[in-house]
C-alpha cells in the first residue's frame, strides 16, 4: 500500500516537473525571442493590476512583476484563449484520428520522463526511495522508443488535416525524424559501450567517478564527438531550431498542425516544449554528469544530498533548454536537401566511425 | 497482472482483426501499430522489458512509420468491394485453419506439460534483462545472429538491384515512347 502511495506521488511529481519545464520553455521562447530580436515582448497582461481587497494586497507586487515579465500572458492568457476558441475539424476526415493525434504527440514524451532519474537514491524515515518512476533495465532504449512513437502524432495530424500543406509537413516530419533517429541511436550505443549499461541511473552514477583520477568521467569527456552528433540529431528530432522544416511557416502555412485550433493546437506546442525539456534532461543526464558536481563527492543515500543533486540536475536541464531556444532563434532554417544531406551523409557516417572508434578504444584500453 | 494481460490480449486480437478488416489501408496500418504496441505490453508484463522496448523501437518506431510514410505518399483510395469467390474463400479458410492449428499445437503441448506459474518464474530469471539476452545472442546463437544480418544485407542489395534495373529499362522507353 505504501509502495503504491509512493508511486502515485512520484508520478504526480514527475508529471508536474515535465509540465513545469515545458511552461518554462514556453515563457523562455516568448520572452527570449523578444530579447534576441530586440523587441519588448509580452509585458501587458497583469502588469497594471489593482485591487482594494486587503487579502490580495500583499500579492499584487509579485503579480505585477509576473505580468511585466510576460509570465501571465504566456501561461494564463494563452491557455484560456486556447480553451475558449472554436475547435475546428476539417471536412471529410476522420474525427477520431483528428482528436487522437495531439494526444499521441504528447503522451509518449510524458511517458519518457518516467524512466529518467531526477536525483540519486536516498533513504528517508527508513524508506529507500528512488527518485524515478520506473527503473527499467533498458531505460535508454525506452526513451528512444517513445521518441519514435511520437512520430505517429505528427504523421496522423498531417494526414487528418486533409490539405496539401499539412500532408507535406507531416511527410517531412516523418522523414526527418526517421533519418535523425539513426545517428541518435548509434550515439546511445557508443555511450552504452563506454559506461557498460543501458540503465540511465547506472550511467549517471558511473559519471561521478574520476577518469585517471583527474577528470570527471562525464559523457562529454568520454564521448565528445557523440555529444555533438546527439545535440544536432536531438534538435532535429524535436523539429526545432534550424531544423523546423515540418512547420516552415514561409512554405507550409504551419505544416502538420495547420488545421488544428484551440486546445488541440496548444497540445502540439506542449508536446514540442516537453520534448525540448526531455532532450535537455537527456543531455544533462548522459553527457553532463546528471546530479554530480565535478570533484565534489556528496554522501550517498542522504536526503539533503539528494535534494542538492536534484537542484544541480535541474540547473543543468534549464541551461540546455535555454541553449536550444537560443540556437532556434539564432540560426536560419535549413533547406530540405541540406537537412537530408547532413543527416545521411555527415552524421550517420560520423556516428558509425565514432561507434567503431569507441569499441576499439574500449577493447584496447 | 493477469487482468492487464487479458485486457492487452483482447486489444491485440481486436487490432489484429482491424488490420485485415479495414477497407482503408491507412487504418489497417494504424491497427497494426496498435497490435504491435499491445504485444509489447504483453512482453513487458512478462518482465521481458528489453524485448518490449525493442519491439516498439524496431517495429512500431521504424518499420511501421516507413509503411505509413509510403501509404500517405501514395495517398491510396479506399478499396472498392472486391468480392471473394466461393472457391477462393474456401481455400483461404482452409489455409487459415491449417496455419492456426500448426501454430497452436506446439504452444498447447508446451503449456499442458509445464504449469504457467513455473513458466513465468523461469521467464523472469532468464529472459528479462539485457545482459542475459546479449549473452544468448552473442554466445550460444552467435552464428545464427550473424547469418541473419547476412540475410538482411542480401535483402537490401536485392532491393537496390531491383530498383536500379527497372529504372535503367524504363528511362529510355518512357522518353521515346512518348515522342513516337
(request) Kindly indicate whether residue A:266 is touching a residue at least 12 places away in the same chain (Cβ under 8 Å) and over 18 Å from residue A:230 (Cβ atoms). (result) yes
(message) Need a quick list: helices (runs of 4 or more DSSP H) entirely within segment A:1-113 having at least 1 residues that are in contact (Cβ under 8 Å) with a residue 24 or more places away in the chain and under 19 Å from the mean Cα position of the chain (by Cα).
(response) A:2-36, A:95-113
(message) Tally up the residues in segment A:184-208 that are at the interface with another protein chain (Cβ under 10 Å from one of its Cβ atoms) and assigned to a helix (DSSP H, G or I), please.
(response) 2
(request) Out of A:211, A:230, report the one residue that is modelled with pLDDT under 85 and on the phi < 0 side of the Ramachandran plot. (result) A:211
(request) State yes or no: is residue A:305 closer than 15 Å to residue A:18 by Cα and surrounded by 13 or more Cβ atoms within 10 Å (Cβ to Cβ)? (result) no
(request) Working carefully through the options A:290, A:271, find the one that is touching a residue at least 24 places away in the same chain (Cβ under 8 Å) and outside any helix (DSSP H, G or I). (result) A:290
(message) So, residue B:67, is that one at pLDDT 80 or above and either more than 13 Å from the chain's Cα centre (by Cα) or at the interface with chain A (Cβ under 10 Å from one of its Cβ atoms) (or both) or not?
(response) no
(request) For segment A:333-356, name all the residues that are loosely packed, with under 14 Cβ neighbours inside 10 Å and modelled with pLDDT of 90 or more. (result) A:349, A:353, A:356
(request) Evaluate segment A:124-141: report whether one residue or more is modelled with pLDDT of 85 or more and more than 8 Å from chain B (Cβ to nearest Cβ). (result) yes
(request) For segment A:155-183, name all the residues that are facing chain B (nearest Cβ under 10 Å) and modelled with pLDDT of 85 or more. (result) A:181, A:182
(message) Anything in segment B:28-54 that is more than 16 Å from the chain's Cα centre (by Cα) and either within 9 Å of another protein chain (Cβ to nearest Cβ) or without any contact (Cβ under 8 Å) to a residue 24 or more places away in the chain (or both)? List them, or say none.
(response) B:44, B:49, B:50
(message) residue A:298 - would you say it is in a helix (DSSP H, G or I) and either over 13 Å from the mean Cα position of the chain (by Cα) or under 25 Å from residue A:23 (Cα atoms) (or both)?
(response) no
(message) Here are the criteria: (1) touching a helix residue (DSSP H, G or I) at 6+ places or on another chain (Cβ under 7 Å); (2) more than 8 Å from chain A (Cβ to nearest Cβ); (3) at pLDDT 85 or above. Tell me which single one residue B:57 does not satisfy.
(response) (2)
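The values are calculated or read from the model by the stated rules, or taken from the named source; none is laboratory data. A quick note: this is a predicted structure, and the numbers were derived from the prediction, not measured. Quick reminder, even Gly has a Cβ in these numbers, built from the backbone with ideal geometry, and neighbours come from all protein chains shown.
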